[in-house]
Each structure stands twice: as C-alpha cells, then as structure tokens.
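The values are calculated or read from the model by the stated rules, or taken from the named source; none is laboratory data. If you're wondering where the values come from, they're calculated on a predicted model, not measured in any experiment. Neighbour counts run over all protein chains shown; Cβ positions are idealised from the backbone, glycine included. What goes into the accessible areas is simple: the full protein's heavy atoms, side chains included, and nothing from ligands, DNA or RNA. Shrake-Rupley method; radii C 1.70, N 1.55, O 1.52, S 1.80 Å.
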Amino acid sequence: MKDAIEMTEQAKGELHDGPSIEECEEEYFIATQLEQGDGDKEFAHKLSEHRDYCENHFTDYEFPIWTILCKDRVVSGDYYSDYIANKLKAPTVGERIVAKPKGLYAVLNHRGSYETMSEAYSVIKEYIASKGMTVCGSAYAVDLLNYFAEKNPDDYVIRISVEVCKGRKFLL
C-alpha cells in the first residue's frame, strides 16, 4: 500500500512535460518473459504467473508492475513488452533477475491511456535522435497513475525510461 501511495503522490506532483535525459542508478527486477501471443489475454496470464512465482519464492519487491522492452523492439518500433516485472528492494541474483544498468536514460512521463503508448515511444525516440544520441539498451515503463487512482484512462501517467548512448556505438 505504501508503494501505491508514493506512486500516486509522485504522479500528482510536478512532472516534466516533455522528455529529458537523466542519470539513473542500477536497479534490479524480478521479471517474467512475455510472448506476443494473444495480447491482453497473454499479458493477464503471465501477470498471474509472475505474481505466483514471486509469492512462491518469497521475493521482496515493490508494488508497481513494470514492463521492459528489449532494445531491438524499441529500435524496430514493435512496442509489445518483452517482460513484466517488479523492482526488487535489494540487489540479488537468480534465473528471473533483470538488471537495469546505471547510465543515461531518456525519460518521458506519458500522460494517456495504454493504447497511446506507441505514440509516446515515437516521441521519446525522436527526442533521442534530436539530442544526437542512440538507443543502446532496453526501455522500462512503470505506471505512476493508473486505474487504481484514476478513472479516466486519458489521465494515466506512465514513466518511460530508455537507455541511451551519446553518438553512435560501433561494434568491433
């Protein structure tokens, strides 16, 4: 409950109107991989599986559900999430652990329904390009204000963070 209250207070507070570049610390997530399958039906099934796994493994995680998109999906414009996840309260290792690296991230507080997320990802990608940067890692999205606290889906607030690099990265 404490996590939900903090999430709502953050969303109701002052948020950046547009994208920005932020330095983010390393974070760890307990994650369940999604398959494109049946869309919402697949998501609901995997969310239930994810919760069961966390409960059965006594995982100490924070409340809001995150989604993670791997770099390839972000770059290609295929914005179906690769994982659903919860942020861990302490670093750990395990088969379902995903680490969000410390580094630079393009961050956007998207105000709108889940159906408009593809537009938000397009905005953040344009912003990244305008800064002479490239996507060099995954995208992480978390609801700051959702159906728990807001009736109108157009007023949801979803924070998107995409790992970025200055200039182009070349592989040798």
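Listing for the model above:
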| read-out | value |
| --- | --- |
| Qualifying position, being open to solvent by 30 Å² or more (accessible area, probe 1.4 Å), over 21 Å from residue 47 (Cα atoms) and out of contact with any Pro (no Cβ under 7 Å at 6 or more places or on another chain), among 77, 94, 112 | 77 |
| Any pair with Cβ under 8 angstrom, 6 or more apart, that starts in region 41-68 at a residue that is touching a residue at least 60 places away in the same chain (Cβ under 8 Å) and ends at one that is surrounded by 14 or more Cβ atoms within 10 Å (Cβ to Cβ) and part of a helix (DSSP H, G or I) | 63/3; 63/4; 63/7; 64/3; 64/4; 64/7; 65/47 |
| Test for residue 85: is it under 23 Å from residue 167 (Cα atoms) and in contact with a Phe, Trp or Tyr (Cβ under 7 Å, 6 or more places away or on another chain) | no |
| From 102, 71, residue being open to solvent by 50 Å² or more (accessible area, probe 1.4 Å), touching a Gly at 6+ places or on another chain (Cβ under 6 Å) and either within 24 Å of residue 119 (Cβ to Cβ) or modelled with pLDDT of 95 or more (or both) | 71 |
| Residues of region 36-83 classified as in contact with a helix residue (DSSP H, G or I) (Cβ under 9 Å, 6 or more places away or on another chain), of a type in the set (S, T, N, Q) and over 22 Å from residue 122 (Cβ atoms), total | 1 |
| Residue within region 123-140 that is touching a helix residue (DSSP H, G or I) at 6+ places or on another chain (Cβ under 8 Å) and either closer than 20 Å to residue 17 by Cβ or open to solvent by 60 Å² or more (accessible area, probe 1.4 Å) (or both) present | yes |
| Selection from region 56-111 of residues that are within 12 Å of the chain's Cα centre (by Cα) and of a type in the set (Asp, Glu) | 82 |
| Criterion: at pLDDT 95 or above, within 15 Å of the chain's Cα centre (by Cα) and of a type in the set (Phe, Trp, Tyr) - qualifying residue of 156, 140, 114 | 140 |
